[in-house]
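Novice: Pasting a structure below so you can have a look.
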Amino acid sequence: MTFSEQLTAPPKTIGSVDFAAFESTFHMVRTCERCIEIVSEATRHIPDDIKARYPNIPWRQIAGIGNVLRHNYDIVDSRIIWEVATVHFAALRAVVNDIRSKLPADD
């Protein structure tokens, strides 16, 4: 999966379920956690000068949530995973698409 696909997978996985259904469905929560983890790691490879063009994106928090998911998984709050997947990924997806649109075309 590409970076962009990682950002679209959680909303597709969740579909139209509410938080209670999400929280009680193991594969939904784990799929979203894994996508967040991958996105977190991928953002670490975006150069700082490019990140600086998007100050409204909480880059440090995005990197940090990956650490929590990898090392402190026992304290992960499903509500935060839900919010990232249903709210915050949309904004990040728009920024990633903008960044990609400004990159030179592959030959």
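The values are calculated or read from the model by the stated rules, or taken from the named source; none is laboratory data. Keep in mind it's a predicted model, so treat the numbers as computed, not measured. Cβ atoms come from the backbone with ideal geometry, glycine included; neighbour counts cover every protein chain shown.
Novice: Quick check on region 89-97. Is at least one of its residues under 13 Å from Q6 (Cβ atoms), in a helix (DSSP H, G or I), without any contact (Cβ under 8 Å) to a residue 40 or more places away in the chain and of a type outside the set (S, T, N, Q)?
Specialist: no
Novice: Return the residues of region 45-63 that are free of Cβ contacts under 8 Å to residues at least 12 places away in the same chain and under 12 Å from the mean Cα position of the chain (by Cα); say none if nothing qualifies.
Specialist: Across region 45-63, the qualifying residues are P58, Q61.
Novice: Out of region 72-88, which residues are of a type outside the set (A, V, I, L, M, F, W, C), at pLDDT 90 or above and either within 17 Å of S16 (Cα to Cα) or assigned to a helix (DSSP H, G or I) (or both)?
Specialist: Scanning region 72-88 gives S78, R79, E83, T86, H88.
Novice: Which count do you get for residues in region 1-42 that are in a helix (DSSP H, G or I), without any contact (Cβ under 8 Å) to a residue 24 or more places away in the chain and under 22 Å from S101 (Cβ atoms)?
Specialist: Going through region 1-42 one residue at a time, the tally reaches 1.
Novice: Can you find, within region 64-84, the residue that is farthest from the chain's Cα centre (by Cα) among those that are without any contact (Cβ under 8 Å) to a residue 24 or more places away in the chain and surrounded by 13 or more Cβ atoms within 10 Å (Cβ to Cβ)?
Specialist: Of everything passing the filter in region 64-84, V68 is farthest from the chain's Cα centre (by Cα).
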